[in-house]
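The values are calculated or read from the model by the stated rules, or taken from the named source; none is laboratory data. These figures come from a predicted structure and were not determined experimentally. Heads up, the Cβs are rebuilt from the backbone with ideal geometry, glycines too, and the neighbour counts pull from every protein chain shown. Each accessible area value is taken on the protein alone, full model and side chains, heavy atoms only, with ligands, DNA and RNA left out. Shrake-Rupley method; radii C 1.70, N 1.55, O 1.52, S 1.80 Å.
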Amino acid sequence: MSRGQIARWMLEEVAVDYDEHILAYGPTGMAADDYRRINPMAKVPAIAHGEKIVTEAAAIGLYLADVFQDRRLGPMDDERAAYYRWVLFCAGPLEQAVTSRAMGWEVPDDPQKQGMLGFGNFERTIDALEDHLSGRHYVCGDRFTMADCYVGSHVDWGLSFGTIPERAAFKTYIERIREREAYKNAKARDQALIEQMKTGE
Ligand SMILES: N[C@@H](CCC(=O)N[C@@H](CS)C(=O)NCC(=O)O)C(=O)O
């Protein structure tokens, strides 16, 4: 039940074999010294690819698409701008807008203060993403790319937990995303783990 699900879906999209390590929250898992050597932030997800460690869900996606180029999940020339722009928009402004609201931190109604915040305010951020997704099949246009794993994960989570408003563009986009085989496989595995955790088996 974590952003680890984003990394799993990305791994399923690139269709590589991987070993999973499920860590508990807290001192015996993510905060243990062994794992802090992998991610000093004591957070998941992280991937180890040979000697290379990548943390940050957005970076994991960009890395996988780049390394496994033959999967064609990275951008073509005319997709590059939207690809980087919207992945970083979701890792920065969108994540800040959504999490600050979830914490109950209201942005002051003061243009000068909003000018200092990378996301300005919640509505501006949501409107910008809605505007981009309206009338597009995927982040980069007609073709699914790794950007959709990351942007899609934000929209998927946000709609499921009510942290992103149910706008038509988000709903149409996420319905298309949820049809993907790799998405379904990833979610089935995570759901099985969540059930196991609940029943303690
Ligand atoms: N910026 C990181 C955030 C990762 C993150 O906050 N993960 C949470 C789970 S969703 C976590 O590991 N929390 C454990 C903790 O901070 O103690 C990313 O996007 O990968």
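Net charge in the neighbourhood of A65 (other residues with Cβ under 10 Å of its Cβ; Lys, Arg +1, Asp, Glu -1) is 0. Taken along its principal axes, the alpha carbon cloud of segment 77-182 reaches lengths of 42, 31, 21 Å, longest axis first.
When shorter helices are ignored and each DSSP H run of at least 4 residues is given -39500 (n - 2.57), the per-residue value for the chain at 222 nm works out to -16000 deg cm²/dmol. Note on the chain: Kirkwood hydrodynamic radius from all Cα pairs is 18.0 Å, rounded to one decimal. The portion of the accessible surface of the chain made up by carbon and sulfur, rounded to a whole percent, is 52 (1.4 Å probe; DNA, RNA and ligands excluded).
Computed with a 1.4 Å probe over protein heavy atoms only, the accessible surface of the chain comes to 58 Å² per residue. Computed over neighbours whose Cβ is under 13 Å from that of Q114, the net charge equals -2, Lys and Arg +1, Asp and Glu -1. My understanding is that a pair violates if its Cα-Cα distance is over 26 Å; which of K43/K198; K43/K171; K43/K187 do that in this structure? Flagged as over cut-off: K43/K171.
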